[in-house]
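So the structure is just underneath, and the comments pick up after that.
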Protein chains: 2
Amino acid sequence: MTGKWEDVAAEKRARIENSIPQEWRIQQQPAGDSVFDYPAKSGILTAGELAITESSASELVTKLARGGAEIRRGDRSILQESCISTPTGKTEPFVSPTIPILLAAEVDGIQVNCCLEFFPEAAIAQAKELDQYFETYKKPVGPLHGLPISLKDQLRIKGLETSMGYVSWVGKYDTDESVLVTLLRKAGAVFYTKTSVPQTLMVCETVNNIIGRTLNPRNKNWSCGGSSGGEGAMVGIRGGVIGVGTDIGGSIRVPSAFNFLYGIRPSHGRLPYAKMANSMEGQETVHSVVGPIAHSAADLRLFLTSVLGEEPWKYDSKVVPMPWRLSEEEKIQDKILSSGLTLGIYSCDGVVLPHPPVLRGIEIVKSVLEQHKHTVIPWTPHRHDFGHTLVNAIYTSDGCTDVNENIRASGEPPIPNIKDLLNPANKKIDMNQLWDTHLQKWAFQNEYLEKWREAEERLGKELDAIIAPITATAAIRHDQFRYYGYASVVNLLDFTSVVVPVAFADKSLDVKNPNFKPLNELDGLVQAEYDPEAYHGAPIAIQVIGRRLSEERTLAIAEEIGRLMGNSTTP
Amino acid sequence: MTGKWEDVAAEKRARIENSIPQEWRIQQQPAGDSVFDYPAKSGILTAGELAITESSASELVTKLARGGAEIRRGDRSILQESCISTPTGKTEPFVSPTIPILLAAEVDGIQVNCCLEFFPEAAIAQAKELDQYFETYKKPVGPLHGLPISLKDQLRIKGLETSMGYVSWVGKYDTDESVLVTLLRKAGAVFYTKTSVPQTLMVCETVNNIIGRTLNPRNKNWSCGGSSGGEGAMVGIRGGVIGVGTDIGGSIRVPSAFNFLYGIRPSHGRLPYAKMANSMEGQETVHSVVGPIAHSAADLRLFLTSVLGEEPWKYDSKVVPMPWRLSEEEKIQDKILSSGLTLGIYSCDGVVLPHPPVLRGIEIVKSVLEQHKHTVIPWTPHRHDFGHTLVNAIYTSDGCTDVNENIRASGEPPIPNIKDLLNPANKKIDMNQLWDTHLQKWAFQNEYLEKWREAEERLGKELDAIIAPITATAAIRHDQFRYYGYASVVNLLDFTSVVVPVAFADKSLDVKNPNFKPLNELDGLVQAEYDPEAYHGAPIAIQVIGRRLSEERTLAIAEEIGRLMGNSTTP
């Protein structure tokens, strides 16, 4: 990198701007705080196009598997008759992957500001190759044939930059590809954008010194969440159908929650992380994991089954050789039809009390489950104060050497959101202290398993999952994210967690708690942020927590909850 | 600990001595270098008793599952008519678990010197409880009902000491039980001894300042291997049927090899390590793993299936929720019956050339496999020099602080075998250096997977496993173990590895290599140790290496090789 950091960032911004073809740019910025309805209301998309953007990934791949797409740049007629016969001999309409690309351009145009890389030409070339394949072999290349997938800017594609939200990384072009990108490509996915992240990745909002802040399409005063915030915003406004995020302390789940989306944090070792960029690369005490964000549990499953179908364990040594276990999923489905599920629930972790909308979200889920004959029992969060403190110590175990070096390399300032992270009191620990930390973590995980077993012994049956808040707040106002514990203790446990969107904050229902007494200073600060007016309409979500590597079961439970809530496919 | 270390050790030795009941002690020490035939030749066991000690674990549990055992201390008539009817209505003879207990006492009496704890009374009490259970419920408590299992002195049992080979640990009595002990107990196993380990565990021989050196029953001039050397010796002379060892750099596999036994190093996360003692506890860059040592692949499988049947992942967060996958085993069995297996093979890792007996062992296996229509292709060891250097650096990443503190706590001297480990040049690394080490390890693992995939692409079929030496030597002479790379690179890769006994060194066949030119100083030193006369009769083994968490497949392949070699059940 040469030159002042401001110049480097400005040059990168200009390149992002120029990546949007002229004919796709919108001339008039929409007014108001929300741009959420802009794609539908502005008339920039036809009814047919809108129908496509509102399709689920599962629907799209079904259509795409019937025939390739003729991609015509600048041509906005997306739906057309295919010349390719289906196995039944009938010609069918087919879907072009350009539509989300177009929409992505619009989204960026209306300053949701979620792209760090945008490469429609490469996407169209990739889609054409897939068409060619289909024409030659009369079958899709894989289960994601033609499906556009957006990537958090940690995933590497040859020839593109991976900025990681650091100015100092701008200008470094990738010479290799992340394993997940390779396998998604084999499965047929088309890539068109890499989305924004906060500087360091260690924040549940999305701000960096390259393109600034990524906004929540539903209300520009709210955060899109982070660190996979670009994905949250992009998929949230249906500029994408499935987005790929990562999570070391809530970074998949918080953007999912804040954008009324589903997101899964698989346990470490389920999906391949090899050759992705990362903050504090090589830190293995609490692993960052990669996973999808989408509009439904079914679309999350499509992603997982498609990636596992490529046998990622043959490419990435950290991946467990465990194909999708349909039998595990079916056990849950059988229970749903017979005895019902048995679920633990908690609304407060004993450290920070959630805002009234989140407490109501938990109550709604509890009530709906009980109405449908599922058993919901109270779960006592086991030493979450300890877990939260331990995981924070792990995040700073190198005294933030890695983070500081990456910031200083360009001279850019740290974003305000990482003030706690950069506290000089966070000293580098030594090897024997780290080993002691490992033992504390393991003991904590095993205690939690013991509590789970004890609950099952008391119940005389399996405890299928635990329902909990994922954040203390609904989609949060900017620069207010202070407490990560609802998410991060799950990372420390390495439990599987699926976020399910539940409802929206309502100023008439979610009044301030008049009896609130803070448990501690942080609790007071978090609760003080609540303002029924400012949060009116903000998405509320819960997380469904299963034991380690329980993706099949936990996702099936999340799907059932979404179904009961009426949130299973559309918001 | 109080007093001089010599006194502490002497007092511990006296307690071990006193734990052997007077009536079980032998009066006359056998003469000669080998005590291997002593149990059979001395007349201390009847023909019936000997038949029991030579039974496989699988045979024993089948008999034990038919009825409990009347344990009579001091009564040497072990085989008797049972009063308990079998399901077929026939009365059957049954087996008492005392026999291996008795034999253990003999073994210790003849100074193989393999026990750090010996507790026959507790074992007999446990066996009586199992009898009671059987009488009440008319069924076994679990798949290991009544089977004696010996434990390396890292596994904790309430009320006993875990010395770890450190004098400073003597006198610390365990207040909790290792998860594996709990689960084996649930499965019906009976515990009677905890076996010897080298000071630090970081050595492939077994020497400590508490009881001295554990010897190889086949020849007292040879090492029993290490660090699970007590298990190797104990099971080797059939003082036990299945022993539990651990392996961070060969510590299950080397004692298996040196005692003509089968041993499996499962991948990390397959079996529960929680609440076991360990050297350098909390070090997680290369995990120590726990696994069985036995006389056959079938007995290893019995152990694995029994433990997995107890769902260890509900007790230990590091265990992958993966029951025994019969389908994976059957895939190998199907191949054996149809196309045959496809196996890579190497005899030299490019760092140290094995001694002539080991090279012959590899040739024997290759030749037998090819005679039976299996495909054997050369495998090029990928950067084993790098892997071997990296794993050594990991072992000393705390500058040996942990090891030194445990040695110094009693004032005992370090054993001579850890001279390299304690080299003052081994400095503690810092957190960012560790993270870099993690990345190097991960990249190396992924490169190895890539080589495996490339081989499969060339072959157009699966490469089922790789066959390799497990040590550079046959059962080694004392204090000569210098090169750990054949074992430790597999630990770095976290691949599954099963040791198969192959043959015995033969001075007429295994002549010194006249054309040997050392690749490096270490290679020269290792080769110089070879002496056809001194090694005549020493056990030779190979390891079968499968990808991570491939226990079912790799064990099935090991079993087939053993079967073809005629070593599948008896030596």
Review point. Taking square-rooted eigenvalues a ≥ b ≥ c of the alpha carbon gyration tensor, is chain A rounded, prolate or oblate, where a/c under 1.5 means rounded and, failing that, a/b exceeding b/c means prolate?
Key: rounded
Check your understanding: What are the label-to-label distances in nm, one decimal and shortest first, from B:LEU519 to the same spot in the other copies, with labels 7 Å along Cα to Cβ?
Key -> 5.8
**Study point:** Stretch gain in nm, segment A:SER19-A:ASP436, where the contour uses 0.36 nm per residue and the Cα spacing is subtracted
**Key:** 145.2 nm
**Study point:** Stretchable slack from B:ASN221 to B:GLU281, in nm (0.36 nm times residue separation minus alpha-carbon distance)
**Key:** 18.3 nm
Practice item. Could you go through the stretch A:182-191 in sequence order and give the Karplus-derived ³J(HN,Hα) for each residue, using 6.51 cos²θ - 1.76 cosθ + 1.60 with θ = phi - 60°, rounded to whole Hz, and x for Gly and Pro? Key: 4, 6, 5, 4, 4, 7, x, 5, 10, 9
Exercise for review: Pull up the DSSP beta bridges for chain A and report the antiparallel fraction as a percent, rounded to 5.
Suggested key: 70 percent
Practice item. Could you list which residues have their amide H under 5 Å from that of B:ILE542, counting only those 5 or more apart in sequence or on another chain, with H placed in the peptide plane? Key: B:VAL500, B:VAL502
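Distances longer than 49 Å among the Cα atoms of the protein assembly as shown: what percent of all pairs is that?
Numbers: 211710 of 651511 pairs.
Value for the protein assembly as shown (Cα pairs over 49 Å): 32 percent.
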Study note, to complete from the structure: If amide H atoms are modeled at 1.01 Å from N in the peptide plane, then the residues at a separation of 5 or more from B:THR473, or on another chain, having amide H under 5 Å from its own are B:HIS355
Check your understanding: Within a Cβ distance under 10 Å of B:SER410, other residues only, what is the Lys/Arg minus Asp/Glu net charge?
Key -> 0
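Calculated FRET efficiency, B:ASN404 and A:GLU529, Cβ-Cβ r, R0 56 Å, to nearest 0.05? Let's see the in-between values first.
Details: r = 51 Å, r/R0 = 0.91.
After rounding, the FRET efficiency stands at 0.65.
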Revision key, fill the gap. Note on the stretch B:135-280: contact order normalised by length, alpha-carbon pairs under 8 Å, 6 or more apart, percent, works out to 26 percent
Review point. Other chains near A:432-443: what is the mean number of their Cβ atoms within 10 Å of each residue's Cβ?
Key: 5
Point to revise | Distance between modelled label sites at A:THR305 and A:ILE377, nm, 7 Å Cα→Cβ extension | key: 3.2 nm
Exercise for review: Could you grab the relative contact order for chain A? Cα pairs under 8 Å, six or more apart, rounded to a whole percent.
Suggested key: 15 percent
Exercise for review: Would you work out which of B:TRP222, B:THR175, B:CYS204 lies farthest towards the positive end of the dipole of the stretch B:168-280, given +1 charges on the beta-carbon of Lys and Arg and -1 on that of Asp and Glu, about the Cα centre?
Suggested key: B:TRP222
Check your understanding: With θ set to phi - 60° and the Karplus curve 6.51 cos²θ - 1.76 cosθ + 1.60, what are the ³J(HN,Hα) couplings of the stretch B:156-166 in order, to the nearest whole Hz, using x for Gly and Pro?
Key -> 9, 10, 3, x, 9, 8, 10, 7, 6, x, 9
**Study point:** Accessible area of B:ILE20 in the full protein assembly, 1.4 Å probe (Å², nearest 10)
**Key:** 10 Å²
Review point. In Å², what does the accessible area per residue of the stretch B:343-482 work out to with a 1.4 Å probe?
Key: 41 Å²
Check your understanding: How many nanometers, to one decimal and shortest first, lie between the label point of B:ALA40 and those of its other copies, if labels sit 7 Å from Cα toward Cβ?
Key -> 8.4
**Study point:** chain A - mean residue ellipticity at 222 nm from DSSP helices (-39,500 (n - 2.57) per run, n ≥ 4, rounded to 500)
**Key:** -11000 deg cm²/dmol
Study note, to complete from the structure: For the stretch A:504-511, in residue order, the Karplus 3J(HN,Hα) values (coefficients 6.51, -1.76, 1.60; θ = phi - 60°; whole Hz; Gly and Pro = x) are 10, 4, 9, 4, 7, 8, 9, 7
Check your understanding: Amide H of B:ILE248: which non-local residues (sequence gap of 5 or more, or other chain) have their own amide H closer than 5 Å, using H built in the peptide plane?
Key -> B:VAL289
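Given Cα pairs under 8 Å that are at least 6 residues apart, what percent is the relative contact order of the stretch B:218-324? Please report the intermediate quantities before stating the final value.
Details: 192 pairs, mean separation 29.1, N = 107.
The value is 27 percent.
Averaged across the residues of B:304-315, what count of C-beta atoms belonging to other chains lies within 10 Å of each residue's C-beta?
1
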Review point. How do B:181-192, A:463-474 rank on mean C-beta neighbours within 10 Å, highest first?
Key: A:463-474, B:181-192
Check your understanding: Cross-link list A:LYS158/A:LYS194; A:LYS41/A:LYS128; A:LYS275/A:LYS314; A:LYS63/A:LYS128; A:LYS158/A:LYS186: which exceed 20 angstrom alpha carbon to alpha carbon?
Key -> A:LYS41/A:LYS128
Point to revise | Pseudo-label separations to other copies for B:THR62 - Cα-to-Cβ vector, 7 Å, nm | key: 5.3
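Evaluate the charge dipole of the stretch B:481-530 about its Cα centre and quote only its size in Debye, nearest 20, assuming +1 on the Cβ of each Lys and Arg and -1 on the Cβ of each Asp and Glu. Mind showing how you got there, number by number?
On the way: 4 positive and 6 negative charges, 27 e Å.
That gives the stretch B:481-530 a dipole magnitude of about 120 debye.
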Check your understanding: Roughly how many nanometres apart are two label points built 7 Å out from the Cα toward the Cβ at B:ALA393 and B:LYS331?
Key -> 3.5 nm
Review point. Between Rg and the Kirkwood Rh of the stretch A:530-571, both from Cα atoms, what is the Rg to Rh ratio?
Key: 1.13
Check your understanding: In the protein assembly as shown, what % of DSSP beta bridges are antiparallel (nearest 5)?
Key -> 70 percent
Revision key, fill the gap. Quick note, the stretch B:213-263: a/c under 1.5 would make it rounded; otherwise a/b > b/c is prolate and the rest oblate (a ≥ b ≥ c, C-alpha gyration tensor); here it is oblate
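Taking 56 Å as R0, compute the FRET efficiency from the Cβ-Cβ separation of A:PHE386 and A:LYS139 and round it to 0.05. Write down the numbers at each step before the final one.
Values: r = 53 Å, r/R0 = 0.95.
Efficiency for this residue pair is about 0.55.
Work out the length of the dipole vector of chain A about its Cα centre, built from +1 on the beta-carbon of each Lys and Arg and -1 on the beta-carbon of each Asp and Glu, and round it to the nearest 20 debye. Write out the running numbers ahead of the final one.
Values: 58 positive and 70 negative charges, 81 e Å.
So the dipole magnitude of chain A works out to roughly 400 debye.
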Check your understanding: Which aspartates and glutamates have a Cα less than 15 Å from the Cα of A:LYS139, not counting those fewer than 8 places away in the same chain?
Key -> A:GLU92, A:GLU129, A:ASP131
**Study point:** Peptide A:274-282 - average C-beta neighbours from other chains (10 Å radius)
**Key:** 3
Check your understanding: Which Cα, out of A:PRO292, B:ILE44, A:ILE52, lies furthest along the positive dipole direction of the protein assembly as shown (beta carbon charges, K/R +1, D/E -1)?
Key -> A:ILE52
Check your understanding: How much net charge surrounds A:GLU533 when only other residues with a Cβ under 14 Å from its Cβ are counted (Lys, Arg +1; Asp, Glu -1)?
Key -> -2
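The values are calculated or read from the model by the stated rules, or taken from the named source; none is laboratory data. It should be emphasised that the depicted structure is a prediction, and the values quoted were computed from it without experimental measurement. As a convention, Cβ positions derive from the backbone with ideal geometry for all residues, glycine included, and neighbour counts pool all protein chains shown. In case anyone asks, the SASA skips ligands and DNA or RNA and just uses the protein heavy atoms, side chains included. Shrake-Rupley method; radii C 1.70, N 1.55, O 1.52, S 1.80 Å.
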